[in-house]
Amino acid sequence: MRLTRRGIATLVAAAVLIGAGAVAGYAMLIALGAIALGAVLAALAVAGRKPRVDVARDVYPDRVERGSRAGITLRVHNPGTRRQPGFTAVDRLGASTLKIAVRSLAPGSEQSYLNELPTWERGRHQVGPLTLRRSDALGLGQSQLFIGTTATIWVYPRMHPVRSVASGLPLHHHEGAANENSPRGSLDVREVREYVPGDEVRHLHWKATARTGQLMIRDYADPQQPQFTVLLDNRPAIPAEPEFEEAVEVAASLVVAAAKADNRCQLVTSGGLDIITTPGAAAVPRLLDELCVLERADNTDLPLVPKALAQSWGGQLVVISSAVTATDQAALAMLRSRYADLVVINLGRKAVVVPGAKILKPANAVDATRQWQSVIAR
């Protein structure tokens, strides 16, 4: 329990009025001072009683796009046999303060309250800790009870609808080239070879076994699958707002569309992030979690093309940046011959020239997805 600034000022004024009234002999001043002192004492009596309730907090959904709606549900239960006066529940989300006015509760009763969470800033945010405050009607005194519980909300980058360049996996018999790195598991027969302990018995080739007198097995492999790679520039030269946030939105839109189209995705940043996912929508949460917490790198000497792309080969490469230098353009030109297609999405003001690459110069993320649609439609 403590006095607020208003309460302290009232208490000082009461002492001054009573003292001045006693010295000057004015009963009116003494009466006013006594009233002020009585208000402070009443505030201490009212606000000094801390809430005795059980509080549960739920955040739903805990993963949302930037700017989407997310809510916090507060369930307040009075387990005692006495009525609990009203109080204020205070939560924090970053620099924002969320307040919920809880009404008085009868013994054994429970009440739920809903409040909307601000989702205007991308990132992984902590909600809480929860604080219960009770004050008097005049705001002279206040007591606080720290519950201490926290919750987490993931604010993903905003995503825009786009189409992927290639959809589906080429799993038909003998489509595509198979190499040593091709994953096993499809219905494409790579070769018939001798049985090795640990091989699937159900893949035994009985005709070849009878002909050779040795156990022979079908070796199945997936043909070479399409690869979709996004290089996102997160060097400190990129302004945080709006260029970097726009770039993250474009990257999220593209990799999510490619993953849902069953493409193998690789997300690379200039700062060192390198994520390779398996085909399918199951890869979407991992990609979005990484983009949710992605920040600009601290190192100012980073090149646009990181070492993670040194061994990459084939598929489509999309570069998203707003600070492409002449050195970066030369590095991208060297990568062009190793990829089936190279697209550079330039969100900056300077012109970019990469021989053989498709250059998009959008004004923002929405314009970038619009231009992307026209590129892949060709």
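What do you get when you divide the Cα radius of gyration of the chain by 2.2 N^0.38 Å, with N the number of residues? Please report the intermediate quantities before stating the final value.
On the way: Rg = 32.6 Å, N = 378, 2.2 N^0.38 = 21.0 Å.
Working it through for the chain, the quotient is 1.55.
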- Task: Can you spot the lysines whose alpha carbon is less than 17 Å from residue 361's alpha carbon? Ignore those fewer than 8 places along the same chain.
- Result: 350
- Note on the structure: Counting only DSSP loop positions in the stretch 29-115, the trypsin sites (Lys or Arg not before Pro) whose Cβ has at most 15 other Cβ atoms within 10 Å are 49, 52, 69, 82, 83, 103
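In the stretch 80-157, which GluC sites (Glu not before Pro) fall in coil by DSSP and have 16 or fewer other Cβ atoms within 10 Å?
Numbers: sites: 110, 116, 121; in loops: 121.
Here the GluC sites (Glu not before Pro) that fit, given the DSSP loop and packing criteria, are 121.
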- nm² value of the averaged projected area, convex hull over the Cα atoms of the stretch 323-365: 3.0 nm²
- Under unit Cβ charges (Lys, Arg +1; Asp, Glu -1), what dipole magnitude, rounded to 20 debye, does the stretch 302-374 have relative to its Cα centre? 80 debye
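Can you say what percent of the DSSP beta bridges in the chain, counting only those with both residues inside, are antiparallel? Round to 5.
Values: 48 of 71 bridges.
Here the share of antiparallel DSSP bridges comes out near 70 percent.
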- Give me the lysines in straight-line cross-link reach of residue 99: C-alpha distance below 30 Å, same-chain residues under 8 apart excluded. 50
- Query: Considering only DSSP beta bridges whose two residues both sit in the stretch 190-344, what percent are antiparallel, to the nearest 5?
  - Reply: 35 percent
- Query: Between the helical axis of 284-293 and the dominant principal axis of the chain, each derived from Cα atoms, what acute angle in degrees is found, rounded to the nearest 10?
  - Reply: 50 degrees
- Message: Suppose the chain between residue 364 and residue 337 were pulled fully straight at 0.36 nm per residue; how much longer would it get relative to their current alpha carbon spacing?
- Response: 6.9 nm
- Task: For helix 27-47, report the angle its Cα long axis makes with the longest principal axis of the Cα atoms of the chain; keep it between 0 and 90° and round to the nearest 10°.
- Result: 40 degrees
- Taking all protein chains as present, what is the carbon and sulfur share of the accessible area of the chain, in % to the nearest whole number, probe 1.4 Å? 55 percent
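Hey, got the dipole for the stretch 219-323? About the Cα centre, +1 on K and R Cβ, -1 on D and E Cβ, debye to the nearest 20? Write down the numbers at each step before the final one.
Values: 6 positive and 15 negative charges, 54 e Å.
About 260 debye.
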- Query: So what's the angle, to the nearest 10 degrees on a 0 to 90 scale, between helix 5-24 and the longest Cα principal axis of the chain?
  - Reply: 10 degrees
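Averaged per residue, what accessible surface does the chain expose to a 1.4 Å probe, in Å²? Can you show the working numbers first?
Working: 19960 Å² over 378 residues.
Per residue, the chain has an accessible area of 53 Å².
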- Once the stretch 222-353 is represented by equal point scatterers at the alpha-carbon sites, with solvent omitted, what log10 I(q)/I(0) does the Debye formula produce at q = 0.12, 0.13, 0.15, 0.19 Å⁻¹? -0.42, -0.49, -0.66, -1.08
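The values are calculated or read from the model by the stated rules, or taken from the named source; none is laboratory data. Predicted model, so just to flag it, every value in this text is computed and none were measured. Quick reminder, even Gly has a Cβ in these numbers, built from the backbone with ideal geometry, and neighbours come from all protein chains shown. Just the protein is used for accessible areas: all its heavy atoms, side chains included, with ligands, DNA and RNA removed. Shrake-Rupley method; radii C 1.70, N 1.55, O 1.52, S 1.80 Å.
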